[in-house]
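In what follows, a single structure is set out as C-alpha cells and then discussed.
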Amino acid sequence: MSKPDVLIVGAGLAGLCCARTLQQHGLSFEILESSDGIGGRVRTDSVDGYLLDRGFQVLLTAYPEALDQLNYEALELRPFIPGAQIRYHGRFVRLTDPWREPGAFLNNFFAPIGSLSDKYRTWKLRSDLMKKSIDEIFSGEETSTLQALRRRGFSARMIETFFKPLLGGILLDGKLTASSRMFEFAFKMLSEGDSALPAKGMGAIPAQLAEGLPADSIRLMTKVKSIGPGQVELVSGETLQAKSIVVATDGPSASHLLGSAHNINSKSVSVLYFVARESPLDEPILVLNGGSRGPVNNVCVPNLVQPSYAPEGNWLVAASVIGWPTSDDTMLVNLVRNQLRRWYGLVALEWRLLRIYRILHAHPVVYPMDWQQPQKVSDGLYVCGDHRATPSIQGAMESGRLAGESLLRELGVSVAATEPKIAAVQTKRAGHATSVAERDDDD
Ligand SMILES: Cc1cc2nc3c(=O)[nH]c(=O)nc-3n(C[C@H](O)[C@H](O)[C@H](O)COP(=O)(O)OP(=O)(O)OC[C@H]3O[C@@H](n4cnc5c(N)ncnc54)[C@H](O)[C@@H]3O)c2cc1C
C-alpha cells in the first residue's frame, strides 16, 4: 500500500470504528494489528463444532453506538431471558424483569433474594435510570458502586446476593469498586434492551464492522514497537509513515506506546468451557453465584441462547471466574468442577473440558470516569479504545468513531454532529416466542 493518510494501531472494535469513520469521509488508512485476527478482545474460536467466545460476553442491544453502527438483523441476534437464576442457600432462585417476563411480578415478590423494600428500590432504580439520559449519568455524581447502592438503601443481603454477582458477571466488578456511573449506565442498558449473542459468535461483530473496509487495509501479525511524529516503527524494524496516527490498542499497550505516566490497571477473568451430554439448565438464562463459596461467578449454556454454539444434541457450558484464583490449570479446573458438582450434581464431574481462556486484560479500570475523554494527544496523534470511554463494546466503538471525527476536523474535513440512533430492537429467543426490546429516547 502507498503511504496512507492515517495509520491505525490495533484492529479491535475501536480501531475498526475509527477506520469506518475515516473511510466514510474519503481518507485512506492502514490498520496494523499485532495478532492473527481482527476483533481484539471480541473474538470467537471454532473448536470441534463449538463456538467459543474468548471469554463469556454479550452484546447489550441498547448500546447507542451499536445501534448506530451494527446491522442487528444480519448478526441474527438471540437474547438471554432478561434476569438471572441466583444460586442461594443451596437452591436456584429465578429473578426476571417483570416488565418483559409476564408473570414474573408474583414470582419475584416471593423470591427470597432481598426484602420487599429491596424489590421496591430495584424498581425505583430501573425507573430512575430509564428516565435519565446517558449524558446525565456521566455528568452526575460519581462514587463507588457499593456506596451508590448503599445510598439508595439496598440491604447488605441484596448487595451480596444480587448486585455483586450481577456486576461481577457483566463488569467483572465483584467487589463493587467500579464507578457508580458505569454501574448506572450498564443497568440502564440492561433495562432498555436485551443481552444477546450473534449466531456466529461475538466475533461476528468485528467481522461485520470490517466488511466494507478495503481488503488490503488491515495488516495482521504486525506489531508496532514505537511511535514518533508521523511515523511508527514495527518490531520487524520496518518504518511506516502517515499524516496522522491513531493508537487504538488496549489501555496498557497504549500507555506503553505513548510513553504515558498514567498506568492502566486491568481486570482479569478466566472462562472454562465444558461439553455436557445433558444441559444443566432448561432455559437461556444467566446463573449467578449468590453465595460466598466460589470460584465460579456465573454460568450459562450459550447454545440455549444460540443453537449454533454447539453441535445438535450437545451442550456447551461456560463458567466464568473473576480474576485468576490460581495460575495452575489443573487446580482451577478442580475448583470449578467441585463447585459445579455442588450445583448440578455428580454429572458435572463427567463434563468434558473443552478449553480454558485466561484473559489478563479483560477490562481496564476506569475511575474516575469522564464521559468522552479527549481523543487527541498532540497534532496528528490520537488515542482511542475502551480505556478512553466506558470499558465496554459501546465505549470502544464510540471512542473509535470520536477519534476518527476529531482527526477529520483537524484536517479541515467537515463532520456532521452525530445523534444517537433511536431504534426498535427485535431479537428472537431460541425456540421461544419473540421477545421485543424497544429502546425509547433517553429522555
Ligand atoms: C472476557 C471478556 C468479556 C467481556 N464482556 C463484555 C460484555 O459482555 N459486554 C461489553 O460491552 N463488553 C465486554 N467486554 C469488554 C469489551 O470486549 C472491550 O471493552 C472492547 O472489546 C475493547 O475494544 P478495544 O478496541 O478498545 O480494545 P481491544 O479489543 O483490546 O483491541 C486492541 C487491539 O490492539 C492490538 N494491539 C495491541 N498492541 C498492539 C501493538 N503494539 N501493535 C499492533 N496492534 C496492537 C490488539 O491485538 C487488539 O487487537 C468483555 C471483554 C472481555 C475480555
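The values are calculated or read from the model by the stated rules, or taken from the named source; none is laboratory data. None of the values given here were measured: they were computed from a predicted structure. Positions of Cβ are backbone-derived with ideal geometry, glycine not excepted, and every protein chain shown enters the neighbour counts.
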### Query
Out of (1) over 26 Å from the mean Cα position of the chain (by Cα); (2) not in a helix (DSSP H, G or I), what's the single condition that is false for residue 173?
(1)
### Task
Answer with yes or no whether residue 72 is within 24 Å of residue 344 (Cα to Cα), surrounded by 14 or more Cβ atoms within 10 Å (Cβ to Cβ) and hydroxyl-bearing (Ser, Thr, Tyr).
no
### Task
Would you be able to say whether some residue in the stretch 95-105 is within 16 Å of the ligand (Cβ to nearest atom) and among the acidic types (Asp, Glu)?
no
## Note on the structure
Taking the stretch 8-28 and the residues there that are of a type in the set (Gly, Ala, Ser) and within 9 Å of the ligand (Cβ to nearest atom), the one that is surrounded by the most Cβ atoms within 10 Å (Cβ to Cβ) would be 14
### Task
Go through (1) under 19 Å from the mean Cα position of the chain (by Cα); (2) more than 16 Å from the ligand (Cβ to nearest atom) and name the single condition residue 321 misses.
(2)
### Query
Do you know which of the residues in the stretch 29-44 that are more than 9 Å from the ligand (Cβ to nearest atom) and crowded, with 16+ Cβ neighbours inside 10 Å is farthest from residue 355 (Cα to Cα)?
29
### Query
Taking into account only those residues within the stretch 244-281 that are charged (D, E, K, R) and at pLDDT 95 or above, which is surrounded by the most Cβ atoms within 10 Å (Cβ to Cβ)?
250
#### Entry: So residue 267, is it among the basic types (Lys, Arg), at negative phi and within 11 Å of the ligand (Cβ to nearest atom)
yes
